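Trainee: Have a look at this one.
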Amino acid sequence: MSHEGIRILSEAEAKREAAADVRLPADAVTPAKVRVMKSEGTGVSIDWKDGHRSSWSFAWLRNACPCATCNEERGASGREVGAPKPRPGGPLVLYEAPPRPVEATPVGKYAIRFKWNDGHESGIYSWDYLRRVCQCELCKFARDTKE
């Protein structure tokens with residue numbers, strides 16, 4: 001018997017994956033208004049058709065990039081979605097510009113893509129993904145009580 005493709009998951013990982021399989025109502029993942037505050041350098045705000053409002057900072061969004069490379073790195077290091085990478089210690093810490101999008105473009109009617117000032121641009125932030133990682137207190141509480 002082959003064991004290829006078998007993954008061992010922790011209970012928390014299994015619950016997270018099960019929650020990701022639950023389909024959200026269409027109004028919950030359909031934006032009524034999307035604001036990318038690029039010139040202010042603050043972040044993104046979405047008013048959803050179901051009346052909910054979500055907001056994220058650019059730093060959080062860059063650290064939550066949903067591309068395969070970033071997802072794999074987060075999984076290997078055990079970082080949560082949106083958590084910053086650990087900075088290397090040492091006597092001389094190099095300045096790193098805060099994450100900002102150079103460009104923000106819609107992807108069809110289902111997502112937004114950012115070209116970041118660090119050159120990264122492969123992440124496609126679907127409306128479904130963004131709603132699932134909403135940072136408001138109500139959504140955080142709902143996610144924490146499910147785990």
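Trainee: Arrange 95, 129, 110 by Cβ neighbour counts within 10 Å, fewest through most, would you?
Mentor: Going from least to most buried by this count: 95, 110, 129.
Trainee: Between residue 85 and residue 6, with labels modelled 7 Å along Cα→Cβ, what's the label distance in nm to one decimal, could you check?
Mentor: 3.4
Trainee: Taking 7 Å along the Cα-to-C-beta vector as the label spot, tell me the residue 107-residue 42 distance in nanometres, rounded to one decimal.
Mentor: My value for the distance between the label points is 2.6 nm.
Trainee: Which order do the peptides 42-54, 80-92 take when ranked by the mean count of other beta-carbon atoms within 10 Å per residue, highest first?
Mentor: So the order, starting with the most tightly packed, is 42-54, 80-92.
Trainee: Take residue 23 and residue 35, extend 7 Å from each Cα along the Cα→Cβ direction, and tell me the distance between the two endpoints in nm.
Mentor: According to this spin-label approximation, the distance is 3.3 nm.
Trainee: Kindly identify the chain as rounded, prolate or oblate by the Cα gyration tensor criterion: order the square roots of the eigenvalues as a ≥ b ≥ c, call it rounded if a/c is under 1.5, otherwise compare a/b with b/c, prolate if a/b is larger, else oblate.
Mentor: Oblate, since a/c reaches 1.5 and b/c is not below a/b.
Trainee: Compute the separation of the alpha-carbon centres of the range 40-61 and the range 86-120 and state it in Å as a whole number.
Mentor: 16
Trainee: For residue 93 and residue 72, compute 0.36 nm times the residue count separating them, minus their Cα-Cα distance, and round to one decimal in nm.
Mentor: 5.0 nm
Every read-out reported here was derived from the displayed coordinates using simple, explicitly stated rules and does not represent laboratory data. Here the structure is a predicted model, which is why all the values come from computation and not from measurement. All Cβ positions, even for glycine, are placed from backbone atoms using ideal geometry, and neighbour counts span all protein chains on display.
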